[in-house]
Amino acid sequence: MGKKRSREVDGQGDIPMEDPAIHKKSDDEDDSSDEDMDIINVDFELFNYDPQIDFHGVKTLLRQLFDADAQLLDLSALSDLIVEQNTIGSTCKVDDKANDAYAFLTVLNVTEHAPKKPAVAKLAEYLAERARGDEGLAAAGVPELLTQPKEKQVVGLVLAERLLNMPAEVIPPMWSCLIDEIEAAVEDGEPYQFTHYLVVSRAYHEVESTLDQAERKQKKAREEAELQYFHPEDEEVRRHAVSSGAYSFAREGEVVADSRRAFQELGVKPCGLMMLIEAGKFQRAVKAIAEYVGTGGMTISTST
């Protein structure tokens, strides 16, 4: 696979990016207040995948993405594939390339890889099975696209995840870079000419909190509550999708990790989310993400 285009911003190197959630106290505020804090400049930088560095960080984020069902998939093999196709997608890091990724984004050619790579075939079948349980996804033919695509149908599986406390403003540059990288790969004759993109993400429903027993007795469970997003950009992605749907994790009743238990105590029930976008609308969706999320005055530097 050829080397992708350099991702420098206006020819500059690392550029500080200020997190708007962190503010500097004013002179007339009480210095003794525990809530006072100073501005902290954080340098977020996008990098190509490095197989010698990024395997464990990507695997950890994949485990978070697939939640209770992570054990059903071969995350090691998937992580290897992601970091090996290092000209497609990005990691977002702080301080140094040698650190683990705080966020990652990539696209896998399911149609190309599933017949040859068991890990991708297992992932495609898993997602197809989850899609069969959603009326909209099933009607849109998502299960067939993943496992039995028609001639000339090529599905790009978009995988993205980040640490929960990462600002959403780091995401638009990652998506914009992905568009450029796909275009460059197609120009080089590489297999990234997709007809559809299937974006896999996570969302949640608000349910009864297990912390307030008195309140629990007064309220009914809200299992069918409105879908909420861990990733705010997913709301915009859904607007451009031909079909989308949430799905329950197959093993959600069997696996109770500390993080999941904490969600349950706070009244949050995670679920999977799939969004199918036709290739002709993908670039518009990426532009809409940038407009919807914005940058909050942040600037991100990119490196190869």
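The values are calculated or read from the model by the stated rules, or taken from the named source; none is laboratory data. Worth saying up front: this structure is predicted, and the values here are computed from it rather than measured. Glycine gets a Cβ as well: all are built from the backbone with ideal geometry, and neighbour counts include every protein chain shown.
Residues checked against (1) at pLDDT 95 or above; (2) in contact with a strand residue (DSSP E or B) (Cβ under 8 Å, 6 or more places away or on another chain); (3) not in a loop (DSSP other than H, G, I, E, B):
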{"residue": "V83", "(1), (2), (3)": "yes, no, yes"}
{"residue": "N86", "(1), (2), (3)": "no, no, no"}
{"residue": "D96", "(1), (2), (3)": "no, no, no"}
{"residue": "D100", "(1), (2), (3)": "no, yes, no"}
{"residue": "L105", "(1), (2), (3)": "yes, yes, yes"}
{"residue": "L108", "(1), (2), (3)": "yes, yes, yes"}
{"residue": "E112", "(1), (2), (3)": "yes, no, yes"}
{"residue": "K116", "(1), (2), (3)": "yes, no, no"}
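Can you tell which of A131, A101 is closer than 22 Å to F194 by Cα and buried (at least 16 other Cβ atoms within 10 Å of the Cβ)? Lay out the reasoning, then the answer.
Working: A101 fails: closer than 22 Å to F194 by Cα.
So the residue among A131, A101 that is closer than 22 Å to F194 by Cα and buried (at least 16 other Cβ atoms within 10 Å of the Cβ) is A131.
Please go through (1) modelled with pLDDT of 50 or more; (2) over 21 Å from the mean Cα position of the chain (by Cα); (3) at positive phi for D10 and return the number of the only condition it doesn't satisfy.
Of the numbered conditions (1) modelled with pLDDT of 50 or more; (2) over 21 Å from the mean Cα position of the chain (by Cα); (3) at positive phi, the odd one out for D10 is (1).
What pairs come out if I take residues in the stretch 136-149 that are free of Cβ contacts under 8 Å to residues at least 40 places away in the same chain and pair them with residues that are surrounded by fewer than 20 Cβ atoms within 10 Å (Cβ to Cβ) and aliphatic (A, V, I, L, M) whose C-beta lies under 7 Å away, six or more apart or interchain?
Listed by first residue and then by second, the contacts come to P143/A128; T147/A128.
Considering each residue of the stretch 266-289, count those that are of a type in the set (A, V, I, L, M) and part of a helix (DSSP H, G or I), and give that number. Talk me through it step by step, then tell me what you get.
First, pick out the residues of the stretch 266-289 that are of a type in the set (A, V, I, L, M): 266, 268, 273-277, 279, 285-286, 288-289.
If we keep only those that are part of a helix (DSSP H, G or I) as well, we get 279, 285-286, 288-289.
Of the residues in that region, 5 qualify.
Quick one: in the stretch 149-206, of everything that is under 12 Å from the mean Cα position of the chain (by Cα) and small (G, A, S), which residue is farthest from H113 (Cα to Cα)?
A168
Any residue in the stretch 267-285 that is on the phi < 0 side of the Ramachandran plot, among the charged types (D, E, K, R), at pLDDT 70 or above and touching a Pro at 6+ places or on another chain (Cβ under 9 Å)?
The answer is no; no qualifying residue exists.
Is it the case that E45 is surrounded by 15 or more Cβ atoms within 10 Å (Cβ to Cβ), of a type in the set (D, E, K, R) and either within 24 Å of F230 (Cα to Cα) or modelled with pLDDT of 95 or more (or both)?
Against the criterion (surrounded by 15 or more Cβ atoms within 10 Å (Cβ to Cβ), of a type in the set (D, E, K, R) and either within 24 Å of F230 (Cα to Cα) or modelled with pLDDT of 95 or more (or both)), E45 qualifies.
Name the pairs whose Cβ atoms lie under 6 Å apart, with the first residue in the stretch 96-121 and closer than 12 Å to F44 by Cα, the second at pLDDT below 95 and of a type in the set (A, V, I, L, M), and 6 or more positions between them or separate chains?
Going by the 6 Å Cβ cut-off, the qualifying pairs are Y102/L163; Y102/M166; A103/M166.
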